[in-house]
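Trainee: After the structure tokens below, expect a handful of questions from me.
The values are calculated or read from the model by the stated rules, or taken from the named source; none is laboratory data. Quantities reported herein were computed from a predicted structural model and do not represent experimental measurements. Glycine gets a Cβ as well: all are built from the backbone with ideal geometry, and neighbour counts include every protein chain shown.
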């Protein structure tokens, strides 16, 4: 078995390659697509995120947990079945009310492309499910290659279909996901199916019942998380104007780099190792402590640099006009560092069967975020102070996540056995 560091390095290399390719293509993309086309695509993507969360019922998040291969494979099939049903219903809804949905978003030109939501969501959820299966088997090279292939195909399609406007952007993500999913599907059907690949209906019913907490609690928590991430986007322009939102958005893209490259890789490895530790030892304390160390060390330099010198860095890299964006990014850096450490470790909530705690914490973020944003604006009138209030509130919640995930990593033999269906 590869060491933790080697596994992280393998995954991070693939993710980093995909990120670098996307960044290199960004200047070209900015010249061949208009802001209006990017804006329409952003709204279309928001709808994709919501329906993708709902489509698979979040059963993909449970694939790492079962101690036996039969249950894990049944969860893959169950996620596929729920996704297919959701995609079929979405096609009917798009054909019936696609025009109304596009009009409600203020982009009626999206109407012809609303039906493409279904195949994009289907491929996205297939990638999640098969990616979890691949992670379960610690085939990290396969995941890394899949991410690079997906990025290459998406960028090539985006550039090649530049004259088709929004359709070019949509087709890029659709074809990229389909090719990446195809690689994982081939491996799943041809390489990982040892013995009889069939899954009995009784197995589907059993795992649907055993892991019902995922659609019951985790789905709601993820939807709330998505909503909480949109509060600043919705509120900031009303308080301070669209240019301030532009600075915030640029800062978030910069902050996302360490999270996407390193945090995702560490999180994938942690979920696989922690699941096996719970199966064999009833806890994952050793892996948890190791992962905390990796996350803190990996995030200290990039987030620390942003906390100290983000304004100067932004002025130097992007131009003096972006110095204010650096001020915003500096305020948000601490919150994002705490989230960078806490988010991957929240998987212990799933292992301990405590998804409702995750739902409660996400609910608090959704309720409290607009309140603290309003209070910051009401009593200061300054964007940095307003976002500092938001950042502090978010940081406190994610410190609670760290506290509770550490407690759950210790395990509970009775509850863990019940959760894994061993009673």
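Trainee: Give me a count of the residues in region 266-313 that are surrounded by 19 or more Cβ atoms within 10 Å (Cβ to Cβ) and outside any helix (DSSP H, G or I).
Mentor: Residues that pass the stated criteria total 2.
Trainee: If a residue has to be within 23 Å of the chain's Cα centre (by Cα) and surrounded by fewer than 18 Cβ atoms within 10 Å (Cβ to Cβ) to count, how many in region 201-214 make the cut?
Mentor: Of the residues in region 201-214, 1 are within 23 Å of the chain's Cα centre (by Cα) and surrounded by fewer than 18 Cβ atoms within 10 Å (Cβ to Cβ).
Trainee: From 165, 182, which residue is in the same structural domain as residue 79 (by TED's automatic domain parsing), out of contact with any helix residue (DSSP H, G or I) (no Cβ under 6 Å at 6 or more places or on another chain), at pLDDT 75 or above and surrounded by fewer than 22 Cβ atoms within 10 Å (Cβ to Cβ)?
Mentor: Numbers: 165 fails: out of contact with any helix residue (DSSP H, G or I) (no Cβ under 6 Å at 6 or more places or on another chain).
Within the list 165, 182, the selection yields 182.
Trainee: Looking at region 50-77 only, could you name the residues that are in contact with a helix residue (DSSP H, G or I) (Cβ under 6 Å, 6 or more places away or on another chain) and either part of a loop (DSSP other than H, G, I, E, B) or at pLDDT below 75 (or both)?
Mentor: The answer is 53, 55, 56, 57, 58, 63, 64, 65, 66, 67.
Trainee: Ok, one more. Do we find that residue 143 is under 20 Å from residue 268 (Cα atoms), surrounded by 16 or more Cβ atoms within 10 Å (Cβ to Cβ) and at pLDDT below 80 in this structure? Break it down into steps so the answer makes sense when it comes.
Mentor: On the way: under 20 Å from residue 268 (Cα atoms): yes; surrounded by 16 or more Cβ atoms within 10 Å (Cβ to Cβ): yes; at pLDDT below 80: yes.
Yes.
Trainee: Does residue 348 meet the test of being part of a helix (DSSP H, G or I) and either at pLDDT 90 or above or not assigned by TED's automatic domain parsing to the domain that holds residue 255 (or both)?
Mentor: Working: part of a helix (DSSP H, G or I): yes; either at pLDDT 90 or above or not assigned by TED's automatic domain parsing to the domain that holds residue 255 (or both): yes.
Yes; evaluated as a whole, the condition is true for this residue.
Trainee: Being modelled with pLDDT of 65 or more, crowded, with 17+ Cβ neighbours inside 10 Å and either closer than 24 Å to residue 149 by Cβ or not assigned by TED's automatic domain parsing to the domain that holds residue 350 (or both) narrows it down to one residue among 111, 82; which is it?
Mentor: On the way: 111 fails: crowded, with 17+ Cβ neighbours inside 10 Å.
Criteria check complete, one pass: 82.
Trainee: Here's something else I'd like to know. Return the residue satisfying two criteria in turn: it lies in region 149-162 and is farther than 18 Å from residue 113 by Cα and either in contact (Cβ under 8 Å) with a residue 40 or more places away in the chain or within 25 Å of the chain's Cα centre (by Cα) (or both), and of such residues it is surrounded by the most Cβ atoms within 10 Å (Cβ to Cβ). Can you show your working first?
Mentor: Let us first name the residues in region 149-162 that are farther than 18 Å from residue 113 by Cα, namely 149-153, 155-156, 159-160.
Retained after the next criterion (residues that are either in contact (Cβ under 8 Å) with a residue 40 or more places away in the chain or within 25 Å of the chain's Cα centre (by Cα) (or both)): 149-153, 155-156, 159.
Details: 149: 17, 150: 24, 151: 21, 152: 17, 153: 18, 155: 20, 156: 15, 159: 15.
It comes out as 150.
Trainee: A further question follows. Looking at 316, 322, 374, can you tell me which residue is in the same structural domain as residue 220 (by TED's automatic domain parsing), part of a helix (DSSP H, G or I) and modelled with pLDDT of 85 or more? Before you say what the answer is, go through the steps one by one.
Mentor: On the way: 316 fails: modelled with pLDDT of 85 or more; 322 fails: modelled with pLDDT of 85 or more.
That would be 374, the only listed residue that is in the same structural domain as residue 220 (by TED's automatic domain parsing), part of a helix (DSSP H, G or I) and modelled with pLDDT of 85 or more.
Trainee: Check whether at least one residue in region 319-336 is closer than 30 Å to residue 213 by Cβ and buried (at least 18 other Cβ atoms within 10 Å of the Cβ), and report yes or no. Steps first, answer last, please.
Mentor: Of the residues in region 319-336, the ones closer than 30 Å to residue 213 by Cβ are 335-336.
Of the ones still in play, those that are also buried (at least 18 other Cβ atoms within 10 Å of the Cβ) are 335-336.
For region 319-336, residues closer than 30 Å to residue 213 by Cβ and buried (at least 18 other Cβ atoms within 10 Å of the Cβ): present.
Trainee: Somewhere in region 387-394, is a residue in a helix (DSSP H, G or I), within 19 Å of the chain's Cα centre (by Cα), more than 12 Å from residue 404 (Cβ to Cβ) and in the same structural domain as residue 220 (by TED's automatic domain parsing)? Spell out the reasoning first.
Mentor: Residues of region 387-394 that are in a helix (DSSP H, G or I), as a first pass: 387-394.
The next check asks that each one be within 19 Å of the chain's Cα centre (by Cα); those that pass are 394.
Now narrow it down to the ones that are more than 12 Å from residue 404 (Cβ to Cβ): 394.
Checking which are in the same structural domain as residue 220 (by TED's automatic domain parsing) leaves us with 394.
Yes, because at least one residue in region 387-394 is in a helix (DSSP H, G or I), within 19 Å of the chain's Cα centre (by Cα), more than 12 Å from residue 404 (Cβ to Cβ) and in the same structural domain as residue 220 (by TED's automatic domain parsing).
Trainee: Please find, among 155, 91, the residue that is in a helix (DSSP H, G or I) and at pLDDT 80 or above.
Mentor: Values: 91 fails: at pLDDT 80 or above.
Just a single option satisfies the conditions, and that option is 155.
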